[in-house]
Amino acid sequence: MPDRVLLVCSSTSANVRRAIERFPNDAVFQHCDLDLLCTAGDLPEVEKLTQFRRCLVFPKRRDRVAAARLWARIVRERYAVVVVLWCLEPGRTLAKLFALLCLGRRLLVFNENADCAFLSLPFLWSFTKARIRSGVFGNSLWARAFVSPLRQGIGGLVRLALFPMRLLALLASVALLYLKRDSGERR
């Protein structure tokens, strides 16, 4: 029985075509059943690219029940590989995050240059560093708040990691001071 592969269309149809052409020489991709997950707007353009076993369509953004049903259906399929295109197009963030939640045995990530690798911690670290260096995160206030400590090296990373614990310690100490004051204890 051939392995099942899910291709999440989280980029343009040209990038999807380049990704399909660049599938690695892994045994999974030699004789696989390829399914496509895309938006309704992308469906006519992407269906022309190659033969898919099945085309799944993202529901409307506000239809959370349909999205949950689609996610449960994908998880039941138990795909061997989930392929996601992590390109720089704006507006496709939800599709990329959805692909991370599909629970495939392996996750294959393509960038905008059609370079790919299976998701692992070293790959994720190098991918994130490359995005930071390219300045992609410069437009978002939240991204700048988290990325600026990373540019400072290990010290910034440690400060970023310790911030939640320091905040909780501060809140706990303030709460204890109020509790002592309310209980009538005085020195």
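Since every read-out is calculated from the coordinates, none of them should be taken as a lab result. Bear in mind the structure is a predicted one, so any value in this text is a computation, not a measurement. Positions of Cβ are generated from backbone atoms using ideal geometry, with glycine treated the same way; all protein chains shown enter the neighbour counts.
Brief remarks follow.
- Sequence-distant lysines (8 or more away, or on other chains) whose Cα lies within less than 25 Å of Lys48: Lys60, Lys96
- Most positive-pole-ward Cα, Leu121, Phe98, Val109, against dipole of segment 95-137 from beta carbon charges: Leu121
- Across the options Leu56, Val82, Trp71, the greatest Cα extent toward the positive end of the charge dipole of segment 22-88 (unit charges at beta carbon of Lys, Arg, Asp, Glu) belongs to Trp71.
- Most simply put, segment 3-119 has about 15% antiparallel DSSP beta bridges, counting only bridges with both residues inside it.
- Segments 17-24, 163-170 sorted - mean Cβ within 10 Å per residue, highest first: 17-24, 163-170
- Label-point gap, in nm, between Glu21 and Ala67 - each point 7 angstrom along Cα→Cβ: 3.3
- Measuring nothing but how far apart in sequence close Cα pairs (under 8 Å, 6+ apart) lie, relative to its length, segment 3-119 scores a relative contact order of 32 percent.
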